[in-house]
Amino acid sequence: MNEPTLNYVLCPGPAAPPVAPDRAPAPAQQHRMAYWEWNATGNPVHPHVVVCVHGLSRQGRDFDTLARALSLHARVICPDVVGRGQSDWLADPTGYQIPQYAADMLALLAQLHQQGPIATLDWVGTSMGGLIGMGIAGQPGLPLPAPVRRLVLNDVGPVIQWEALQRIGQYLGQLARFASLQQAADAMWAISTSFGPHTPAQWLELSRAMVRALPESEGGGITLHYDPAIAVPFKALTPESAAAGEAALWQLYDHIQARTLLLRGSQSDLLSRATAQAMAQRGPRARVIEFDGVGHAPTLVADDQVVAVTEFLLAAEGVVAG
């Protein structure tokens, strides 16, 4: 079966000491961002690159199903955003914000472009990954190897409902200890039912990369993969600061030149239908697809969700609606 390779890129900004005892410290004033590369094209430096970036407390293996489908046609790059998955943690928790994440993505793109020139660049971003994508695609002066051609925003836009932020804040950073992967998966499902229907096997697979082993010296077991300090800047948000951020995000959105597809869970509490409608009428005039029975956020595992994204990204120029 087509499987990804794990790779790393060095990014500016000091890392915290490694959590895993067998992990070497990062170079001074740098941290390592891990990324999973899928490529079944037969060309290890295929010029079409699709970057898939996950949500706030997730990691790059979330995209396995979508990446496996896309990897027949492109290099598919699924980073673990710093502080998550196989990436280093930051020494300063206040760095866990979009500007740092976007800077890390620029370092990643530069490394990929050095390996083999990128001719076509597409972006798929779920929730936080979509905000990073707006930052990358909405600033024309950034040193990108190629402009973002097509952008998929998965259940996110410039306006994020405050109630959804409060909901996420209730569990973010609360790292429990679990005896087994199944126990961890059950606990995650309890706070993730808005992702929509999944079979037990699908959810277990989505949960597999969401945990890390705890050392026997600490009692063993497993816990969630991410640095609990990612919650520090998140919990510092206020309704006022969130509203101020909206204006900046709309400005980014209005500068996007990429063809844009907006996915929305019909029951999403983070992306309102009114915001989705506004995104269809301004800036890149996103084409909007809603998925029934799903809230925040579609996991891009269900067949109809995978087809929506692959058809949008792989359609010939001039064929894509929206």
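The values are calculated or read from the model by the stated rules, or taken from the named source; none is laboratory data. For clarity, every value in this text was computed on a predicted model and none was experimentally measured. Every residue, glycine among them, receives a Cβ derived from its backbone with ideal geometry; neighbour counts consider all protein chains shown. To get the accessible areas, we keep the full protein, side chains included, count just its heavy atoms, and leave off ligands, DNA and RNA. Shrake-Rupley method; radii C 1.70, N 1.55, O 1.52, S 1.80 Å.
Please go through segment 1-31 and give me each residue that is small (Gly, Ala, Ser) and either open to solvent by 40 Å² or more (accessible area, probe 1.4 Å) or part of a strand (DSSP E or B) (or both), ordered by number.
Across segment 1-31, the qualifying residues are Ala15, Ala20, Ala24, Ala28.
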Note to self: Please go through segment 230-243 and give me each residue that is open to solvent by 30 Å² or more (accessible area, probe 1.4 Å) and under 18 Å from Gly173 (Cα atoms), ordered by number.
What the structure shows: Val232, Phe234, Lys235, Ala236, Leu237, Thr238
Check: With respect to Pro215, is the statement that it is open to solvent by less than 60 Å² (accessible area, probe 1.4 Å), out of contact with any Ser or Thr (no Cβ under 7 Å at 6 or more places or on another chain) and free of Cβ contacts under 8 Å to residues at least 60 places away in the same chain true?
Finding: no
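Considering only segment 142-157, how many residues are assigned to a loop (DSSP other than H, G, I, E, B) and within 16 Å of the chain's Cα centre (by Cα)? I'd like the intermediate steps shown before the answer.
The initial filter retains those residues of segment 142-157 that are assigned to a loop (DSSP other than H, G, I, E, B), namely 142-147, 155-157.
Adding the requirement that they be within 16 Å of the chain's Cα centre (by Cα) leaves 155-157.
Count: 3.
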Next item on the list: Determine if segment 302-320 includes at least one residue that is of a type outside the set (Lys, Arg), assigned to a loop (DSSP other than H, G, I, E, B) and surrounded by 20 or more Cβ atoms within 10 Å (Cβ to Cβ).
Entry: no
Checklist line | Number of the exception - Val152 against (1) in contact with a helix residue (DSSP H, G or I) (Cβ under 9 Å, 6 or more places away or on another chain); (2) without any contact (Cβ under 8 Å) to a residue 40 or more places away in the chain | finding: (2)
Next item on the list: Tell me which residues, restricted to segment 59-71, are open to solvent by less than 50 Å² (accessible area, probe 1.4 Å) and either in contact with a His (Cβ under 9 Å, 6 or more places away or on another chain) or not in a loop (DSSP other than H, G, I, E, B) (or both).
Entry: Gln59, Gly60, Asp62, Phe63, Asp64, Leu66, Ala67, Ala69, Leu70
Notebook entry, point to check: Asp227 fails exactly one of the following numbered conditions: (1) in contact with a helix residue (DSSP H, G or I) (Cβ under 6 Å, 6 or more places away or on another chain); (2) open to solvent by less than 30 Å² (accessible area, probe 1.4 Å); (3) among the acidic types (Asp, Glu). What is the number of that condition?
Noted result: (1)
Checklist line | Positions within segment 199-224 being more than 29 Å from Ala16 (Cα to Cα) and in contact with a helix residue (DSSP H, G or I) (Cβ under 7 Å, 6 or more places away or on another chain), in sequence order | finding: Trp203, Leu204
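Might you check whether a residue that is β-branched (Val, Ile, Thr) and within 14 Å of the chain's Cα centre (by Cα) occurs anywhere in segment 8-28?
Within segment 8-28 (the criterion being β-branched (Val, Ile, Thr) and within 14 Å of the chain's Cα centre (by Cα)), the answer is no, since none of the residues qualifies.
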Next item on the list: Among the residues of segment 32-56, write down those that are in contact with a helix residue (DSSP H, G or I) (Cβ under 8 Å, 6 or more places away or on another chain) and not in a loop (DSSP other than H, G, I, E, B).
Entry: Met33, Ala34, Tyr35, Trp36, Trp38, Val49, Val50, Val51, Cys52, Val53
Margin query: Considering only residues that are in contact (Cβ under 8 Å) with a residue 40 or more places away in the chain, in contact with a Ser or Thr (Cβ under 8 Å, 6 or more places away or on another chain) and not charged (D, E, K, R), which ones fall in segment 9-50?
Written below: His31, Met33, Ala34, Trp36, Trp38, Pro47, His48, Val49
Margin query: Tell me the residue from Gly135, Gly173 that is in contact (Cβ under 8 Å) with a residue 40 or more places away in the chain, small (Gly, Ala, Ser), surrounded by 15 or more Cβ atoms within 10 Å (Cβ to Cβ) and within 27 Å of Leu314 (Cβ to Cβ), please.
Written below: Gly135
Check: Is there a residue in segment 88-104 that is among the hydrophobic types (A, V, I, L, M, F, W, C), farther than 15 Å from Met33 by Cβ and either open to solvent by less than 10 Å² (accessible area, probe 1.4 Å) or touching a Pro at 6+ places or on another chain (Cβ under 8 Å) (or both)?
Finding: no
Margin query: Can you go through Ile118, Ile98 and tell me which one is without any contact (Cβ under 8 Å) to a residue 40 or more places away in the chain and not charged (D, E, K, R)?
Written below: Ile98
Item checked: Selection from segment 205-252 of residues that are farther than 22 Å from Gly95 by Cα, of a type in the set (Ser, Thr, Tyr) and at pLDDT 95 or above -> Ser207, Thr223
